[in-house]
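See structure below.
The values are calculated or read from the model by the stated rules, or taken from the named source; none is laboratory data. In this text, all values refer to a predicted model and were calculated from it rather than measured experimentally. Using ideal geometry, Cβ is built from the backbone for each residue, glycine included, and neighbour counts are taken over all protein chains shown.
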Amino acid sequence: MAQVILVADDDPDDVFLLSRAFLTAGLPHRVLHVRDGQEAISYLAGEQNYVDRFRFPLPALLVLDLNLPRRNGFDVVTWVRGQEQFQDLPIAVISSSEKPEDLQRAKQLGADDYRIKPAGLPGWVTIVKDLASRWLGSYPESRRIAKLRDLAAPLSKDVRTEAHLVSGVVKSAPS
């Protein structure tokens, strides 16, 4: 069975592009969607409509937006990191916020990755390929190993490809 990606985002266009990016990239992952932060927590906890783990299996990766109804992305990250069974669940924030304080807060709360939402499908494909290779490959990095590596290795100043890393944030390269 394909690994499950749980996406918490209230923008159906972004969810469509993310799902399409997995297909376009040839990645066989199953993308499941919840519309708000409270629904993400209910899914992970196996509560309410998400009791059936056959229909709603635990995800291999949690992708979430920060600006969610009911409970925001920061609340979700805090809740997940407070649950012993989810300590190794990678969390990737994909947000439209480019504020350094949002990146810093998300990382401090326990998010493993922080990306800026791209403008089109090619940017989404780049992001999902990177997320899949880092967190969903044949030998995915554990969160602890990835954190240690990220702390030990300096970030490249400027890698000009289709996407580049800036202070731990992937942004679309300027045209």
> Would you pick out the residues in segment 24-57 that are among the aliphatic types (A, V, I, L, M) and surrounded by fewer than 14 Cβ atoms within 10 Å (Cβ to Cβ)?
Replying inline: 51
> Any residue in segment 15-27 that is touching a His at 6+ places or on another chain (Cβ under 7 Å), in a helix (DSSP H, G or I) and modelled with pLDDT under 95?
Replying inline: yes
>> So for segment 85-99 (the condition being touching a strand residue (DSSP E or B) at 6+ places or on another chain (Cβ under 7 Å), more than 21 Å from residue 123 (Cβ to Cβ) and either modelled with pLDDT of 95 or more or among the small types (Gly, Ala, Ser) (or both)), does at least one residue qualify?
In response: no
>> When you scan segment 106-118, do you find a residue that is buried (at least 21 other Cβ atoms within 10 Å of the Cβ), hydrophobic (A, V, I, L, M, F, W, C) and in contact (Cβ under 8 Å) with a residue 60 or more places away in the chain, even just one?
In response: no
> Can you find a residue in segment 87-97 that is more than 21 Å from residue 17 (Cβ to Cβ), over 14 Å from the mean Cα position of the chain (by Cα) and not hydrophobic (A, V, I, L, M, F, W, C)?
Replying inline: yes
> Do the conditions hold for residue 106, that is, is it of a type outside the set (S, T, N, Q), within 30 Å of residue 26 (Cα to Cα) and over 14 Å from the mean Cα position of the chain (by Cα)?
Replying inline: no
> Quick one: which of 46, 26, 37 is small (Gly, Ala, Ser) and at negative phi?
Replying inline: 37
>> So for segment 97-109 (the condition being out of contact with any His (no Cβ under 8 Å at 6 or more places or on another chain) and within 18 Å of residue 44 (Cβ to Cβ)), does at least one residue qualify?
In response: yes
>> I want to confirm something. Restricting to segment 59-75 and keeping residues that are of a type in the set (A, V, I, L, M, F, W, C) and within 17 Å of residue 131 (Cβ to Cβ), which single residue is surrounded by the fewest Cβ atoms within 10 Å (Cβ to Cβ)?
In response: 60
